[in-house]
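What follows is one structure encoded as structure tokens, with my remarks underneath.
The values are calculated or read from the model by the stated rules, or taken from the named source; none is laboratory data. These numbers come from a predicted model, not from an experiment. Ideal geometry is used to build each Cβ from the backbone, glycine not excepted, and the neighbour counts take in all protein chains shown. With ligands, DNA and RNA removed, areas are computed over all heavy atoms of the protein, side chains included. Shrake-Rupley method; radii C 1.70, N 1.55, O 1.52, S 1.80 Å.
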Amino acid sequence: MGFADDHLIPLVDEGLGNSAYLVDLGDGRALAVDASRDLRALRTAAERRGLTVAFAADTHLHADFLTGALQLAADDGATVLASAAGRRAFPHTALADGDETDLGGLTLRALATPGHTDEHLSFLLLDGSRDLGVFTGGSLIVGSAARTDLLGADRAEELARAQYRSLKRLAELPDTVAVWPTHGAGSFCSAPPGAERTTTIGAQKQANPLLAAPDEDTFVRQLLGSLGTYPAYFDRLGEINRRGPGVLTAAPGLASLTVTEVRALLRQGAQLVDVRPVVDFAGGHIPGAVSIPLRDQFATWLGWLLPDDSPIVFLAGPEQDLAEVTWQALKIGYERLAGYLDGGMAAWISDGGPQQAIELLTADRIVGRPVLDIRQRAEHTAGHIADAVHVELGDLAARTDEAPNGAVVACGHGERAMTAASLLQRAGHQGLAVLDGGPGDWSEATGSPLEKTA
């Protein structure tokens with residue numbers, strides 16, 4: 001068919017740090033690779049080109065989102081392509097190393113590349129005998145390789161050694177072959193920071209420090225030493241993806257709830273998530289609400305901090321997109337969405353509902369107060385406010401007793417800090433404040449350098 005650059009359409013999920021890919025096969029059909037359950041961007045791209053998805057390939061059993069392959073099979077009649085070693089419990093074409101799929105002019109060849117998961121495949125796209133590019137999923141990624149501890153810390157080294165062999169195999173491809181990873185910057189699966197989401201084999205040979213490792217043991221030390229924590233929901237989704245997530249038969253939506261209905265749900269153990277911006281939550285919120293501002297990273301923190309087996313009630317501002325709330329929850333397997341409070345805080349207050357506030361302070365106003373830094377370990381060690389207590393946000397619910405009394409909670413900008421403050425307030429802490437900004441703002445306001453730790 002003659003493959004051109006514009007036949008490949010990357011679809012970036014900035015919040016999860018991932019890329020899915022839509023490949024125009026040139027005859028009105030398309031291949032989707034690592035599509036998530038939130039198919040809105042893919043649908044838009046396909047409709048713009050008049051494409052029907054004929055093939056949906058998954059490189060591995062994803063831990064960070066639910067696959068959209070089953071939905072594409074149900075809606076478009078797509079053939080699902082996935083590793084035979086994954087033992088998926090739904091209809092699919094089970095592929096082993098070297099198996100090829102005729103895409104109608106182009107060919108997709110499965111390459112076994114275990115490491116990120118046991119059953120991981122990369123997919124080499126060929127035009128005749130010419131290697132065009134390789135969908136590497138969570139194997140070779142820009143500047144690194146994806147983490148190997150998702151199946152348990154006891155298997156992390158074993159899988160890191162498998163990852164070493166997989167990267168060596170991919171590096172044998174011609175230097176001109178494009179590399180199309182799934183995981184990129186911002187992914188907890190995980191990748192170093194950087195703007196580039198695609199690369200080439202040759203570029204990675206030059207720039208990827210893991211490919212430069214002199215031997216397998218060094219590679220393993222470097223990879224395992226780079227791993228931070230990851231969201232709690234990662235431990236659940238692999239098995240859900242193996243069984244197959246439920247197919248949606250209609251556009252999802254949130255039910256409208258009255259104040260009376262919300263009160264009843266909360267008494268019955270429902271979780272209340274306030275998705276409004278930080279400044280709105282600070283000014284007044286329902287007691288017990290968890291602040292998770294609606295932004296690209298909403299799904300990550302919802303999945304990290306809240307159980308998936310309790311009903312969730314949402315409180316949003318009048319201009320916020322409830323469809324975005326719904327899709328971000330559904331793509332990580334949160335199905336028990338009870339609805340949203342109709343009328344928001346105004347309805348709650350007019351019904352006599354109590355509210356709480358959390359002080360929002362600029363950097364020049366926090367001098368002399370204890371600071372709780374809830375960023376990731378790598379962020380904290382790179383530079384933090386002097387004497388700040390450090391507890392990662394993902395661990396905070398189980399470690400609220402470590403927060404100083406009357407703490408000012410700090411992150412990079414304020415969103416995660418407000419989430420942390422809401423968790424502490426729910427646990428009974430009082431006199432809390434949130435830094436409006438980050439450690440850099442404190443350093444500028446006080447003229448004091450940030451501390452760094454090894």
Give me P(r) over segment 47-151, computed from all C-alpha to C-alpha distances, binned every 10 Å, as integer percentages.
15, 44, 34, 7, 0
Hey, any idea what the orientation-averaged projected area of the convex hull of segment 26-82's Cα atoms comes to, in nm²?
3.6 nm²
Looking at the P(r) of segment 190-229, how many percent of alpha-carbon pairs lie beyond 14 Å?
54 percent
Dividing the mean separation of Cα pairs under 8 Å (6+ apart) by the residue count of segment 245-305 yields a relative contact order in percent of 25 percent
What's the longest bit of the chain with no exposed GluC sites (Glu not before Pro), using DSSP loop states and at most 16 other Cβ atoms within 10 Å as the test?
15-171
Using helices alone, I'd like the mean residue ellipticity at 222 nm for the chain: each DSSP H run of four-plus residues gives -39500 (n - 2.57), total over residue count, nearest 500.
-8000 deg cm²/dmol
Roughly how many percent of the accessible protein surface of segment 222-284 is carbon and sulfur, given a 1.4 Å probe and a whole-percent answer?
53 percent
Of all accessible heavy-atom area on segment 1-59, the percent that carbon and sulfur account for (1.4 Å):
47 percent
Starting at the first residue of segment 149-161, write each ³J(HN,Hα) from the Karplus equation 6.51 cos²θ - 1.76 cosθ + 1.60 with θ = phi - 60°, in whole Hz, x for Gly and Pro.
10, 6, 9, x, 4, 5, 10, 4, 5, 3, 6, 5, 5
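With a probe of 1.4 Å, find how much accessible area the chain has per residue, and write the answer as a whole number in Å². Spell out each step's value before the answer.
On the way: 17990 Å² over 454 residues.
For the chain, the per-residue accessible area is 40 Å².
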Need one number: convex hull volume per residue for segment 93-132, Cα atoms only, in Å³.
64 Å³
Name the residues whose placed amide hydrogens come within less than 5 Å of the amide hydrogen of ASP274, ignoring near sequence neighbours (fewer than 5 apart) on the same chain.
VAL290, SER291, ILE292, LEU315
Each residue of segment 410-420 in turn: what ³J(HN,Hα) in whole Hz from Karplus with 6.51, -1.76, 1.60 and θ = phi - 60°, glycine and Pro shown as x?
10, 9, x, 9, x, 5, 5, 4, 5, 4, 4
Reported to the nearest 10 Å², ILE358 has, with a 1.4 Å probe, an accessible area equal to 10 Å²
For GLY414, residues with placed amide H under 5 Å, excluding near neighbours
GLY437
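As a test of reading the structure, rank THR229, THR199 by solvent-accessible area (1.4 Å probe, protein chains only), most first.
Numbers: THR229 50, THR199 20 Å².
These residues rank, largest area first, as THR229, THR199.
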Please report how far the C-alpha centroid of segment 1-61 lies from that of segment 275-299, rounded to the nearest whole angstrom.
33 Å
Specify the inter-centroid distance of segment 375-427 and segment 134-205, based on alpha-carbon positions, in whole Å.
31 Å
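Beyond 14 Å, what share of the Cα-Cα pairs of segment 220-261 remains, rounded to the nearest whole percent?
On the way: 638 of 861 pairs.
Across segment 220-261, Cα pairs with separations above 14 Å total 74 percent.
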Read phi for every residue in segment 373-390 and hand back ³J(HN,Hα) as whole Hz from Karplus 6.51 cos²θ - 1.76 cosθ + 1.60, θ = phi - 60°, with x for Gly and Pro.
9, 10, 6, 5, 4, 5, 5, 5, 5, 5, x, 9, 5, 3, 6, 5, 7, 10
With labels modelled as points extended 7 Å from the Cα through the Cβ direction, what inter-label distance (nm, one decimal) is found for ALA398 paired with SER448?
3.1 nm
Could you give the length gained by full extension between ALA386 and SER256, i.e. 0.36 nm per residue of separation minus their alpha carbon distance, to one decimal place?
42.2 nm
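When only C-alpha pairs under 8 Å and at least 6 residues apart count, what is the relative contact order of segment 1-153, in percent?
On the way: 313 pairs, mean separation 23.5, N = 153.
15 percent.
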